[in-house]
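Each value in this text was obtained by applying a stated rule to the coordinates, not by laboratory testing. Quick caveat: nothing in here was measured; it's all calculated off a predicted structure. Cβ placement follows ideal geometry from the backbone for every residue including glycine, while neighbour counts extend to all protein chains displayed.
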Amino acid sequence: MRAALVLCLLGSCSLPEEQPLSEYKFTESHMGTKVGVTLYAPSPEKADEAAHAAFAEIAAIDARMSDYKPESELSRLSASAGSGPQKVSLELLEVLTASQHYSELSGGAFDVTVGHLVRLWRRARKERRMPSPEELRTAIVMTGSKNLRLDPAARTAELAKSGMILDLGAIAKGYACDRALAVLARHGLTSAFVDTGGGMALGDPPPGRPGWRIRVADTEQILVLSRCGVSTSGDWDQFVILDGKRYSHIVDPSTGLGLTRRELVTVLAPDGMSADALSTTISVLGPERGLRLAEDLPGVEAWMRWEEAGRPCTATTPGFTRKK
Ligand code: ADP
Ligand code: MG
């Protein structure tokens, strides 16, 4: 009797055997780019189900925040410019609030009201034609984060000037990576990373390893990282050459011009959204001001390469190399 009781207790106490985790990789096209999900799961079914949910989350964020889709919540907000405060979703409010934060931190170098300028430079790339001074002036007048007013209590956003256009191209992909990672965690899969090309969010390390091996921009340098965001911005794939000058798809809101410095920036930050916003911000600010800003921010490190008189220069925040 006693022996039976002991056995029974032992039986009920024994932990279910842990299933070994294997690596699974998925790719889908979203937000105008290839999105990769890498995760560790106990079975292919678990992996499929979680990845499917993560991609659905990214698709939902794109449907809300794309400036290419006229029906997106973002496009509807832009269309309401000049007609007072509009109710917005918590998600959009969160991204707009973060955007305003980076705009303030950077003295306006990061600015999601750059929609007009971005469209002008998209056309310049397509038609290989410099925007006219008049077009640039008009687009600059339509830009300025002080004309984006948020009221978190009322959950509203207002574009104070009619004709203003919002563009979340520098921040929404990072946010989507964070949200997708959170979806995977809700499915019990925390060893994962989500990658949208330039920007990524990393969860827990792969089982038994210290972190994910991430290459810095196009260098040979490998960092071993986890639970953070990484983003690279650079003018190396989207640009137009006009009168011998190379203009990037990232614009300086103060001049209205696409960036002309050839530069590449990799940012490490506590999450994907911050990394995404900061890599664009630092690109606009340039090496000196940009790296100083990164150094001042907790949990942020940056690496940068640019050209000076045709020669490549590299610099990092002091803490960057300690990440190796
Ligand atoms: P990518 O998305 O190409 O990897 P970024 O994250 O740097 O690169 O974002 C660039 C995009 O951000 C541009 O295509 C445009 O939509 C938007 N953008 C351009 N200039 C700015 C700026 N000064 N502030 C905020 N967003 C910008
Ligand atoms: Mg960015």
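Return, ordered by residue number, the residues of segment 90-128 whose backbone nitrogen is under 19 Å from a label point located 7 Å along Cα→Cβ of Lys69. So the set is 90-96. Using the Cβ-Cβ distance between Glu307 and Ala53 with R0 set to 56 Å, the FRET efficiency works out to roughly 0.85. Please label the shape of segment 125-218 as rounded, prolate or oblate, based on the square roots a ≥ b ≥ c of the eigenvalues of the alpha-carbon gyration tensor (a/c under 1.5 means rounded; beyond that, a/b larger than b/c means prolate, else oblate). Taking the square roots of the gyration eigenvalues as a ≥ b ≥ c, segment 125-218 is oblate. For the chain, modelled as a GNM whose springs connect Cα atoms under 10 angstrom apart, the maximal fluctuation among Thr38, Thr281, Thr138 occurs at Thr138.
Counting only lysines at least 8 places from Lys25 when in the same chain, those with an alpha carbon closer than 20 Å to its own are Lys34, Lys46, Lys173. Using a Gaussian network for the chain with springs between C-alpha atoms less than 10 Å apart, which of these wobbles most: Asp195, Asp243, Asp178? Most flexible of the set in this elastic network: Asp243. Helix 44-65 and the long axis of the chain differ in direction by around 20°, with both axes built from C-alpha atoms. Convex hull volume per residue, computed on the Cα atoms of segment 52-131, equals 142 Å³. In the chain, Cα pairs under 8 Å separated by at least six residues give a relative contact order of 16 percent. Give the separation of the Cα centroids, segment 27-62 to segment 169-236, in Å. When both Cα centres are located, 13 Å separates them. Dipole of the chain computed with +1 at Lys/Arg Cβ and -1 at Asp/Glu Cβ about the Cα centre; of Val267, Leu93, Pro298, farthest Cα towards the positive end is Val267. I want to verify a result. In a Gaussian network model of the chain, Cα cutoff 10 Å, which of these has the top mean-square fluctuation: Thr232, Thr27, Thr190? Evaluated over the chain, the most mobile residue of the options is Thr27. Taking each DSSP H run with n ≥ 4 as -39500 (n - 2.57) and averaging over every residue of the chain yields -12000 deg cm²/dmol at 222 nm.
Charge dipole (Cα centre; +1 on Lys/Arg Cβ, -1 on Asp/Glu Cβ; no other charges) of segment 61-107 amounts to roughly 160 debye.
Between Ser162 and Ser29, the FRET efficiency estimated from the beta carbon spacing at R0 = 25 angstrom works out to 0.15. Annotation: average projected area of the chain is 21.2 square nanometres, based on the convex hull of Cα atoms across all directions. Distance from a point 7 Å along Cα→Cβ of Glu18 to each backbone N in segment 156-196: keep the residues under 17 Å and list them by number. Counting only backbone N, you get 188-192. A simple spin-label model places the labels of Ala182 and Arg129 4.4 nm from each other, with each point 7 Å out along Cα-to-Cβ. Would you work out if segment 147-187 is rounded, prolate or oblate? Take a ≥ b ≥ c from the square roots of the eigenvalues of the alpha-carbon gyration tensor; rounded if a/c is under 1.5, else prolate when a/b is larger than b/c, oblate otherwise. Oblate, because a/c is 1.5 or more while a/b does not exceed b/c.
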